[in-house]
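Novice: Okay, here's the structure, questions in a sec.
The values are calculated or read from the model by the stated rules, or taken from the named source; none is laboratory data. Every value quoted in this text rests on a predicted model; they were computed, and no experiment measured them. Cβ placement follows ideal geometry from the backbone for every residue including glycine, while neighbour counts extend to all protein chains displayed.
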Amino acid sequence: MPPQRADKVTYTTKVTRREIEFVEKERSRRGKRHISAVVEAVLRDLLTDPGFRTAPLAIPPTHGEDLVDVSYRLSPELVGLVREATLAHRSTAQQIVRAAIHALEQRAADSQNPNQTKG
């Protein structure tokens with residue numbers, strides 16, 4: 001068994017299977033070896049966005065989908081930012097992770113439809 005990297009911690013949460021599939025496609029598109037790299041990047045994007053603390057948190061509905069456990073290897077710094085965000089938004093870490101994935105899905109959809117107007 002290979003040794004665990006000391007600079008990352010295991011972070012477990014629940015997401016939908018659709019979200020898992022989306023993150024896997026994004027991992028492949030970005031050429032990353034691990035999905036944790038994608039999740040770390042999208043969480044960092046969400047949590048460091050200047051409007052994050054003032055905007056409502058966009059958490060997608062599950063549409064009756066079951067939530068399944070997933071584990072990511074994240075930096076301790078990012079885990080700390082997630083903890084701070086849960087307090088700032090009075091949300092759970094699961095909601096923060098799902099909101100970050102949702103934001104990435106929205107950006108991907110917007111980039112595929114550049115003529116879409118925002119109202």
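Novice: Might you check whether a residue that is among the hydroxyl-bearing types (Ser, Thr, Tyr), under 22 Å from Arg27 (Cα atoms) and modelled with pLDDT under 90 occurs anywhere in the stretch 63-77?
Specialist: no
Novice: For the stretch 45-59, what are the residues that are closer than 18 Å to Lys14 by Cα and loosely packed, with under 14 Cβ neighbours inside 10 Å?
Specialist: Within the stretch 45-59, just Ala58 meets the criteria.
Novice: Another question about this same structure. Could you please give the count of residues in the stretch 71-97 that are in contact with a Phe, Trp or Tyr (Cβ under 9 Å, 6 or more places away or on another chain) and either in a helix (DSSP H, G or I) or not polar (S, T, N, Q) (or both)?
Specialist: Summing the residues that are in contact with a Phe, Trp or Tyr (Cβ under 9 Å, 6 or more places away or on another chain) and either in a helix (DSSP H, G or I) or not polar (S, T, N, Q) (or both) in the stretch 71-97 gives 11.
Novice: A further question on this structure: How many residues, within the stretch 60-85, are surrounded by 12 or more Cβ atoms within 10 Å (Cβ to Cβ) and over 18 Å from Tyr11 (Cβ atoms)?
Specialist: Adding up the residues that qualify gives 3.
Novice: Output the residue which, of all residues in the stretch 15-44 that are among the acidic types (Asp, Glu) and farther than 16 Å from Gln94 by Cα, is surrounded by the most Cβ atoms within 10 Å (Cβ to Cβ).
Specialist: Top of the filtered list is Glu26.
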